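A short write-up of the structure that comes next.
The values are calculated or read from the model by the stated rules, or taken from the named source; none is laboratory data. This one's a predicted model, so the numbers in the text were calculated from it and none came from an experiment. For neighbour counting, all protein chains shown are included, and Cβ atoms are generated from backbone atoms with ideal geometry for every residue, glycine included.
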Amino acid sequence: MSTVEQPQPTQVASGCPVAHDFDPFDGTPAAFFEQARQERPVFWHDAINAYVLTRYEDCKQLLGDRTGKVSANAALMGHLNVPPMPEAMQILQESGFEFGTSIVDEDGEEHKLHRGATQPPFSPARVKPLTDFIRRQVTERLDAVINEGRVDMVDAMIYEVPATVILHMMGVPDDQLGMVKGFRGPWAIFIWGNPDEQVQLDTARMMGGFGQWARSIVQDRKANRGEDIISETITNLENKGELESSRMFLDSYTLNVVMAGHETTTNSAAGGLLELLRNPEQYRALVEDPSLIPNATEEILRYCTGVPTWRQRVLEDMEFQGVTIPANSVVYAAINSANRDETVFGDDAETFDVRRDTAKKHITFGFGAHTCMGNHLAKLEINIMLEELTKRLPHLELVPDQEHIYSPNTSQRGPENVEVSWDPARNPVSADSA
Ligand code: HEM
């Protein structure tokens, strides 16, 4: 496994405030960020050994840099908050899987090559024909619970739909869903959290197994090309004469696309449903006027930012809001803060509003060369989930006084459980009536 050395500035840049008053692993401290945008738009946080940008324009500048001063190579293994303990590293090495650089960490020509080879199946024209498949996944799961009257909707539907869709696109049978699901929590804590020794050991064991699984898919597709995104990537690289040089990339991509392709969407959709039901008049607005759903999806992505922060590395000294961030520092774009920047979204930026006409300006999918490849797919999935929920369960309510579980990490955020209830006798679709 390759790890990147973790250079840290020896001291925090002069004049840069240090934040101690929030826990970066605990989600969206909206009030903290509101104040930070005004009073300390750039700050340092010890727990993540990094600078944090809170304003919309600064986050866009960092993520969309075209000057060559910013490297994407700061995520995944390049900048873990807790460097893996030797026993965890040993388990990973013994698994025989080499964790190459992920596409989202690549720069320049290497990134261009790999993006060109992987992106075609995620274009709007290629994603749209998945509509019927996605709707069937949603429908089957709602059919199974429609007369129950009370479920955890993440468990019943929201988790499995995006996971089943990405496995389908990869040509992987959906009986492997359970294995993917088991990897979910530990993976996010290992990479973006503050994992204790047990989590490190457990995750290292899982990562080894998961890596072998990804590699076996690549090997299989090299020998037997099919109509799936891994075969297509292999063929595209082969046509460029880059198949051999992309061996590690292909293994890593296969591993990463499974997680990037579902957990993010699940988190956003779960957060969105929670917000809609916390504001029942907003849910009702979608029931009464389904044409609002595409904009509601944008507002969900803005407000319930499934990837609340994304990190980069500055290669040269860079100035943001009067703070000179030294070369080689890791810098986080607080996307969740940028998405509520009042200079872009107005004085009511903290309000969840499915009719907001600026919702689309969110930068939840990042910005620039690395803009999320799966953004059309994610939106289509959330749209369809909302269409079916509001049609078949217009009388959905949030079960009161529930506690929501969130994975403690900086960059993957969504409630793991959203308990909902309804009266099956009032199901409006006649086939659904109890
Ligand atoms: C709501 C759901 C999603 C969110 C919030 C999200 C967010 C992000 C973010 C923040 C980035 C980094 C952008 C940057 O560096 O500027 C990213 C990159 C990426 N996402 Fe997503 N994503 C989502 C869904 C998906 C889906 C469904 C896929 C499908 C495969 C996907 C695949 C990728 C890939 C491959 C990259 C790397 C692109 C590159 O480096 O060129 N994502 N995503």
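State the number of residues belonging to segment 26-42 that are at pLDDT 90 or above and crowded, with 19+ Cβ neighbours inside 10 Å.
Selection size over segment 26-42: 5.
I need every pair where a residue in segment 342-357 that is farther than 14 Å from Y283 by Cα and buried (at least 20 other Cβ atoms within 10 Å of the Cβ) has its Cβ under 6 Å from the Cβ of a residue that is of a type outside the set (S, T, N, Q) and modelled with pLDDT of 95 or more, sequence separation at least 6 or different chains.
If the second residue must be of a type outside the set (S, T, N, Q) and modelled with pLDDT of 95 or more, the pairs left are A349/R340; A349/E342; R356/E299.
Here are some conditions: (1) at pLDDT below 90; (2) over 14 Å from L255 (Cα atoms). F210 meets all but one. Which one does it not meet?
(2)
What's the total number of residues in segment 287-304 that are closer than 14 Å to K379 by Cβ and among the polar types (S, T, N, Q)?
The qualifying residues number 2.
Enumerate the pairs (first residue in segment 251-280 and in contact (Cβ under 8 Å) with a residue 40 or more places away in the chain and within 15 Å of P186 (Cα to Cα); second residue anywhere and within 8 Å of the ligand (Cβ to nearest atom) and polar (S, T, N, Q)) with beta-carbon separation below 8 Å, excluding pairs fewer than 6 apart on the same chain, so at least 6 apart or on different chains.
That search, which allows pairs on different chains as well, returns N256/S102.
Out of segment 360-406, which residues are in a loop (DSSP other than H, G, I, E, B), touching a residue at least 12 places away in the same chain (Cβ under 8 Å) and more than 12 Å from the ligand (Cβ to nearest atom)?
L393, P394, H395, L396, V399, Q402, H404, I405, Y406, listed by residue number.
Considering segment 217-271 alone, what residues qualify as being within 16 Å of the ligand (Cβ to nearest atom), surrounded by fewer than 23 Cβ atoms within 10 Å (Cβ to Cβ), part of a helix (DSSP H, G or I) and of a type in the set (D, E)?
Those that are within 16 Å of the ligand (Cβ to nearest atom), surrounded by fewer than 23 Cβ atoms within 10 Å (Cβ to Cβ), part of a helix (DSSP H, G or I) and of a type in the set (D, E): E232, D251.
Among the residues of segment 120-142, count how many are under 30 Å from V70 (Cα atoms) and either within 12 Å of the ligand (Cβ to nearest atom) or outside any helix (DSSP H, G or I) (or both).
Total meeting the criteria: 3.
Tell me, please, whether a residue that is closer than 30 Å to L393 by Cα, touching a helix residue (DSSP H, G or I) at 6+ places or on another chain (Cβ under 8 Å) and among the acidic types (D, E) can be found in segment 126-135.
no
For the condition of a type in the set (A, V, I, L, M, F, W, C), part of a loop (DSSP other than H, G, I, E, B) and within 16 Å of the ligand (Cβ to nearest atom), what is the one hit in A117, A74?
A74
How about segment 299-333: which of its residues are within 11 Å of the ligand (Cβ to nearest atom), assigned to a loop (DSSP other than H, G, I, E, B) and closer than 22 Å to A47 by Cα?
If the condition is that a residue be within 11 Å of the ligand (Cβ to nearest atom), assigned to a loop (DSSP other than H, G, I, E, B) and closer than 22 Å to A47 by Cα, then T305, G306, V307, P308 are the ones that fit.
Here is a list: V429, V344. Which entry is away from the ligand (no atom under 16 Å from the Cβ), at pLDDT below 95 and hydrophobic (A, V, I, L, M, F, W, C)?
V429
Being free of Cβ contacts under 8 Å to residues at least 40 places away in the same chain and either surrounded by fewer than 17 Cβ atoms within 10 Å (Cβ to Cβ) or not in a helix (DSSP H, G or I) (or both) is the filter here, so list the residues in segment 157-201 that pass it.
P173, D174, D175, Q176, L177, G178, M179, K181, G182, D196, Q198
State all residues of segment 394-434 that are under 30 Å from L80 (Cβ atoms), of a type in the set (D, E, K, R) and surrounded by 13 or more Cβ atoms within 10 Å (Cβ to Cβ); if no residue qualifies, say none.
R413, E416
Would you check which residues across segment 99-114 are more than 14 Å from the ligand (Cβ to nearest atom) and over 13 Å from Y253 (Cβ atoms) and list them?
Hits for segment 99-114: nothing passes.
Does at least one position in segment 50-69 carry a residue that is β-branched (V, I, T), surrounded by 14 or more Cβ atoms within 10 Å (Cβ to Cβ), modelled with pLDDT of 95 or more and touching a helix residue (DSSP H, G or I) at 6+ places or on another chain (Cβ under 7 Å)?
Yes.
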